[in-house]
Amino acid sequence: MSGGVDSSAALALLKDEYDVIGGTLKLFDKDVICGKCSDKDIEDAKAVAAKFGLEHHVFPMQSGFRQHVMQDFADTYLSGGTPNPCIQCNKYIKFGALLDEAVKLGCDCFATGHYARVQYDEQRGRYLLKKATVNGQANPKDQSYVLYNLTQEQLKRIVFPLGEMDKSMVREVALSHGLVNAEKQDSQDICFIPDGDYAGFIEKFTGATPETGCFVDTDGSILGQHRGIIHYTIGQRKGLGLSFGKPMFVVGKDAPSNTVILGDKEQLLCRTLTVRDVNFIAFDELTSPLACNAKTRYTGKEQPCIITPLTNQRVRVEFNEPQPKASTGQSAVFYDGDIVLGGGIIE
């Protein structure tokens, strides 16, 4: 329970079917501001559990969150990538350490307010992660992209009560039960960077001041000076501080030379990428090339491609048509219709 409306509505939907225990993560100490795990959010979660007379626990996980999420975020940016901290948090904290705590408490199932579905497939003999739907149609709130690291052992315990609901339905549930957070707004930023200043966070967290360096074109010619590679991401066009008389985009970053590479729209396109640390859900491993769809950004559109197995939990992705370059550190997630085949980190 984050203290938000989604997880609170999930509890309300489950309380009559299960014996429910509420749990909330504490991820930061008092010197860090966080929209999702502040003392107020913890109090909101406690209030919802208390309203139904349910047991509630607060789990302090500051150390693990700092190591697996915040440190990874800073390291990836400093190495020229663009991380997705929600994916790391789901892997190591929410469905890792927190699920372990639930098992210790004797819980058979583990529920969250994510918009996704879990289904057991008799023919495959496997649990499948599937996209959220609403009235049988695609759900714009679907969060399956950030859940691709789930394992069979985790999926057999997981319950997603909101998998076939939209936000208006969720708020209606919360309102009908008189929950204190029924009209609470969703957070739009990374929870540990509520002001959206990624570079400022990295400077404070690491104590390092980003060094200025050169903007170069794809031939290596110097175009100007940048403020530090942590200020830029692949595909960025605005905020470069240079004028070229035509649109120019960040098409690459090279941390060792501290350069940011700029190019035109055509130079932003590519057809292939490599993905590491791949986790497959729909099958144990990929043994031959497979046609599917891939999404390389949480808000991006799926694109048809062929994925081919490589060594060491890596796959090669070849799109049918050139696509805008994806940032190193982001995730590529593979789909077959509404089934999440798996995913990994873009290398």
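The values are calculated or read from the model by the stated rules, or taken from the named source; none is laboratory data. The structure presented is a predicted model; accordingly, all values stated were derived computationally and were not measured. Quick reminder, even Gly has a Cβ in these numbers, built from the backbone with ideal geometry, and neighbours come from all protein chains shown. Only protein heavy atoms, including side chains, enter the accessible area calculation; ligands, DNA and RNA are left aside. Shrake-Rupley method; radii C 1.70, N 1.55, O 1.52, S 1.80 Å.
So, of the residues in the range 170-203 that are within 28 Å of CYS89 (Cβ to Cβ) and surrounded by fewer than 12 Cβ atoms within 10 Å (Cβ to Cβ), which turns out to be nearest to the chain's Cα centre (by Cα)?
GLN188
What are the residues in the range 237-250 that are open to solvent by less than 40 Å² (accessible area, probe 1.4 Å) and either of a type in the set (Lys, Arg) or part of a loop (DSSP other than H, G, I, E, B) (or both), if any?
Kept after step one, since they are open to solvent by less than 40 Å² (accessible area, probe 1.4 Å), are these residues of the range 237-250: 240, 248-250.
LEU240, MET248 - these are the residues of the range 237-250 that are open to solvent by less than 40 Å² (accessible area, probe 1.4 Å) and either of a type in the set (Lys, Arg) or part of a loop (DSSP other than H, G, I, E, B) (or both).
What number of residues within the range 279-311 satisfy the criterion of being under 21 Å from the mean Cα position of the chain (by Cα) and polar (S, T, N, Q)?
Counting residues in the range 279-311 that are under 21 Å from the mean Cα position of the chain (by Cα) and polar (S, T, N, Q) gives 5.
Could you list, in sequence order, the residues of the range 204-217 that are open to solvent by 70 Å² or more (accessible area, probe 1.4 Å) and either closer than 19 Å to VAL260 by Cα or polar (S, T, N, Q) (or both)?
Residues satisfying the conditions are THR209, GLU211, THR212.
Among the residues of the range 67-107 satisfying the criterion of being assigned to a loop (DSSP other than H, G, I, E, B) and among the hydroxyl-bearing types (Ser, Thr, Tyr), which is farthest from the chain's Cα centre (by Cα)?
SER79
The conditions are (1) closer than 27 Å to GLN154 by Cβ; (2) surrounded by fewer than 15 Cβ atoms within 10 Å (Cβ to Cβ); (3) among the acidic types (Asp, Glu), and GLU321 fails exactly one of them. Which is it?
Tallying (1) closer than 27 Å to GLN154 by Cβ; (2) surrounded by fewer than 15 Cβ atoms within 10 Å (Cβ to Cβ); (3) among the acidic types (Asp, Glu), GLU321 fails exactly one: (1).
From (1) open to solvent by 60 Å² or more (accessible area, probe 1.4 Å); (2) more than 22 Å from GLN88 (Cα to Cα); (3) at pLDDT 95 or above, pick out the condition that doesn't hold for LYS265.
(3)
Among the residues of the range 86-98, which ones are among the hydrophobic types (A, V, I, L, M, F, W, C), open to solvent by 10 Å² or more (accessible area, probe 1.4 Å) and more than 19 Å from PRO194 (Cα to Cα)?
Scanning the range 86-98 gives ALA97, LEU98.
Please specify each residue of the range 135-158 satisfying the condition of being part of a strand (DSSP E or B), open to solvent by 20 Å² or more (accessible area, probe 1.4 Å) and either under 27 Å from LYS15 (Cβ atoms) or among the aliphatic types (A, V, I, L, M) (or both).
ALA138
Kindly provide the set of residues from the range 159-169 that are open to solvent by 20 Å² or more (accessible area, probe 1.4 Å), more than 20 Å from CYS107 (Cα to Cα) and touching a Phe, Trp or Tyr at 6+ places or on another chain (Cβ under 8 Å), ordered by number.
Residue satisfying the conditions is MET165 alone.
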